[in-house]
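The values are calculated or read from the model by the stated rules, or taken from the named source; none is laboratory data. Nothing here was measured: the structure is a model prediction, and the numbers come from that model. Here Cβ is always computed from backbone atoms with ideal geometry, including for glycine, and neighbour counts include all displayed protein chains. Quick note on the areas: whole protein, heavy atoms, side chains included, nothing else; ligands and nucleic acids left out. Shrake-Rupley method; radii C 1.70, N 1.55, O 1.52, S 1.80 Å.
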Amino acid sequence: MEGPTRLGTYITAALRQFVATYKPDVVLLQEVESCDLVARALPDWSCVGSVVPEHVESNLPNVVLGNVILYSTRLFIGSTPNRVLTTGYREAARRTDKSGKSLFDHHGEECSWAEYNGCKNPFADMPSATSVKLFLRDGEWAAAVRDMFPAGLRAVSVHLFAGGRHGGLSEAGKARRRRFQLRSLMALVDHWNAQDAAGSRGASVPVTIYAGDFNTRRKHELQEIAAPAEDYGMRLWCPADGGWCDNTLSKHKTHKAGTLDHVTIDVRRESAAASPFLGRANVLRQPISGRGRGGSDHDPLFVQLKPSPGGARPPTRQVPPVLSDDSFPSLGG
């Protein structure tokens, strides 16, 4: 095993090389315990730490659950980091969505993964997530970009259920738990937006970017997982795939198991016939570590956004596939 000094040197060099080459504005890193390894790597950047408690990480010597968010302080002013730690789901889980149901109602209807942790405690299936609200600094952005984010943006680092070690749980059951987890995060953000709008007399809400490891192996799986967005007054756009997440096949394989990683954007226009965003994406090659391999089994997904002059118009919405076991013929139980 590589020692902490050697590992820290590799991570620092890799981050500096990535930022110098690709010039990102926001970086979401998966499977990082804390900001200690990355916070000093980049001057003029800030790090939002993991929401996974230290004692949980210490009990899993071969697994890291946390993640962190890095953002350029030259471009953004950060606000309300890791809001989930101060608000939780107590109120958000009881609010009804546009379908007239709460998270408790949806959990009662959708939970089919009792073999994992039972279905009696809905809160056990509502994930925490690293997040931060970012306001665009004056004088650093073109007017067209500022128009895209009039109330700033919120980055939510997603790491949905994998379930690889739970052989008794069907692949469809794992996918349904992932869908409920993403629904929970959308409900939580919707609750935050309502709180913020009430506190600012109805001002517009930030655009939310949900990005990270969705653990969606097959190209069609994100369609069904993204479908609940309409219950929260929006639709998810997948800029890397060039369409709405609920009817676009995932195009970027970031892991040998499939299309696991995504960047999605909530679009809250009155008419979601067009998106204000255009995107370009690449799966990047990782720097080689001292052990002669890349640093992670997931390859980084790099997404660039720009304003869309006329609105990108995807195909007419289609019914997402049903998450049955037949949806996963190559994965088995």
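Values as computed for the structure displayed
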{"item": "Neighbourhood net charge (13 Å Cβ-Cβ; Lys/Arg +1, Asp/Glu -1) for R280", "result": "+1"}
{"item": "For the range 21-64, alpha-carbon Rg over 2.2 N^0.38 Å", "result": "1.33"}
{"item": "Share of carbon and sulfur in the accessible heavy-atom surface of the range 173-273 [1.4 Å probe, %]", "result": "48"}
{"item": "Cα gyration tensor shape of the range 1-149, rounded if a/c is under 1.5, else prolate or oblate by comparing a/b with b/c", "result": "oblate"}
{"item": "Average accessible area per residue (Å²) across the range 145-200 - probe 1.4 Å, nucleic acids and ligands excluded", "result": "30"}
{"item": "Too-long pairs where the Cα-Cα distance tops 25 Å, listed order kept, from K133/K253; K120/K174; K133/K306", "result": "K133/K253"}
{"item": "Estimated dipole of the range 167-281 in Debye, rounded to 20 [Cβ of Lys and Arg +1, of Asp and Glu -1, Cα centre]", "result": "420"}
{"item": "The range 66-206 - Rg over Rh from alpha carbon coordinates, Kirkwood radius", "result": "1.04"}
{"item": "Among 94-103, 25-34, 170-179, the order from most to least packed when residues are scored by Cβ within 10 Å on average", "result": "170-179, 25-34, 94-103"}
{"item": "Accessible surface, 1.4 Å probe, highest first, among residues Y116, Y89, Y10", "result": "Y116, Y10, Y89"}
{"item": "Fraction of beta bridges assigned by DSSP in the range 145-251 that are antiparallel (%, nearest 5)", "result": "20"}
{"item": "Around V205: net Lys/Arg minus Asp/Glu count, Cβ-Cβ under 11 Å", "result": "0"}
{"item": "Tensor-based shape of the range 52-118 (alpha-carbon gyration tensor, a/c under 1.5 rounded, otherwise prolate or oblate)", "result": "oblate"}
